[in-house]
1. What is the helix-to-structure angle for 118-127, meaning the angle in degrees between its Cα long axis and the longest Cα principal axis of the chain, kept from 0 to 90 and rounded to the nearest 10?
2. How much of the calculated P(r) for the chain lies past 33 Å, in percent of all Cα pairs?
3. So if the hydrodynamic radius of segment 119-185 is defined as the Kirkwood radius over C-alpha pairs, what does Stokes-Einstein give as its diffusion coefficient at 10 °C and 1.306 mPa s, in µm² per second?
4. How big is Rg to Rh over segment 49-98, alpha-carbon atoms, Rh as the Kirkwood inverse-mean-distance radius?
5. Give me the Debye-computed log₁₀ of I(q)/I(0) at q = 0.13, 0.23, 0.24 Å⁻¹ for segment 15-119, equal point scatterers on Cα only, no solvent, two decimals.
6. Given the convex hull of the Cα atoms of segment 280-351, what is a quarter of its surface area in nm²?
7. If you take every residue apart from Cys62 with its C-beta less than 13 Å away from the C-beta of Cys62, what net charge results, scoring Lys and Arg +1 and Asp and Glu -1?
8. Compute the signed sum of charges (Lys and Arg +1, Asp and Glu -1) over the other residues within less than 10 Å, Cβ to Cβ, of Tyr201.
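Every read-out reported here was derived from the displayed coordinates using simple, explicitly stated rules and does not represent laboratory data. Computed from a predicted structure; not experimentally measured. Glycine also receives a Cβ, built like all others from the backbone with ideal geometry; neighbour counts cover every protein chain displayed.
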Amino acid sequence: MKYLDEYRDGDAARRIARAIASITARPWTLMEICGGQTHSIVRFGIDELLPPEITLVHGPGCPVCVTPLELIEKAILLASRPDVTFCSFGDMLRVPGRDRDLLAVKAAGGDVRIVYSPLDAVKIAVENPDRQVVFFAVGFETTAPANAMAVYQAHRQGLSNFSMLVSHVTVPPAIEAILSSPDNQVQGFLAAGHVCAIMGYTEYEPIAKKYAVPIVVTGFEPVDLLQGIYRCVRQLEEGRCEVENAYGRSVTRPGNVTAQRVMREVFEVTDRKCRGIGEIPQSGLGLRGQYAVYDAEVRFGLSDVSLDEPSECISGIILQGLKKPFDCPAFGTACTPEHPLGATMVSSEGACAAYYRYRSPHHVQSVA
Ligand code: SF4
């Protein structure tokens, strides 16, 4: 299969779903750790094609959803400064901080700009030497290489008016945090294909062995997802716990070593808070050594900001796979995409937003 349509073929999807049913003898709970996969699962009704023994839960894989509330508030504080031009991907603008979001700062006259690449922010810094330009660097290993390259370029050009507010999280420590929780219910993982395209999948091998869980590298289209689920369930039923690659058209075991080299040049591993899970040791990326001068938190002396999640929001429990969006009393009432209480309702890749959009009474699209 070479083309995208083939991975959305309803007959192929139903065939694999029947194959999954034929090998499933016991109940299993699987987690995907990718907002794109969550979105596809809910949009195409993948979970509804599966036998009732299989439960899919949605992990901390959406970049917007895992960015700590404190970092959102720091972004708002920076964007409110008269000397700062604050650059961000568009989906961060509507994430609520303490009492407003970046869009409100922009509406009040703040210089907040949507960019499509961190290199756009470097360009803005070059063109506006009298402005301090800050880029909001969020996400997993997928966005880290481009962000590392932007800092590298700024350094090469000797830019003193460019910096980054860094909130990078890495996936393997998040998986370990979920697996080592006494409440864990997840028995198998679908690893995110695009993260593995960068990082390969050798990092997952010791985790699969230590916690005795299968981890299957999986793509994003319905057929990709069902193939990943099939291989995960087959391992569970056979009592195996290995790392398998079900996304061979994009992922190799070592990954993209050139991208990894750029990341290692600019970033170092650091402790990082993951929204919904809390502080995870050695789970983030921060600017290393000679690049630390590009750290906006250092440059602007941002002290620790401490914020509590809205008490009614259970997104932290959802991101650990212990509840589903429908279990939240605020879902669809106090919390909607227009008035989100938590990050999982803001981002289009968030589990709550996906359920709101595709599981409403007006939901019509599925692989069928
Ligand atoms: S529906 Fe809203 S309040 Fe409830 S968990 Fe999701 S984001 Fe939080």
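1. 10
2. Details: 20003 of 67528 pairs.
In whole percent, the share of Cα-Cα pairs in the chain beyond 33 Å is 30.
3. Working: Rh = 13.6 Å.
My calculation gives 117 µm²/s for D.
4. Working: Rg = 16.8 Å, Rh = 13.4 Å.
Result for segment 49-98 is an Rg/Rh of 1.25.
5. Values returned for q = 0.13, 0.23, 0.24 Å⁻¹ are -0.63, -1.17, -1.23.
6. Working: hull surface 28.0 nm².
Convex hull of Cα atoms, orientation-averaged projection: 7.0 nm².
7. Values: positive: Arg275; negative: Glu32, Asp91, Glu349.
My count for the surroundings of Cys62 gives -2.
8. Details: positive: Arg253; negative: Glu203, Glu205, Glu244.
With Lys, Arg at +1 and Asp, Glu at -1, the net is -2.
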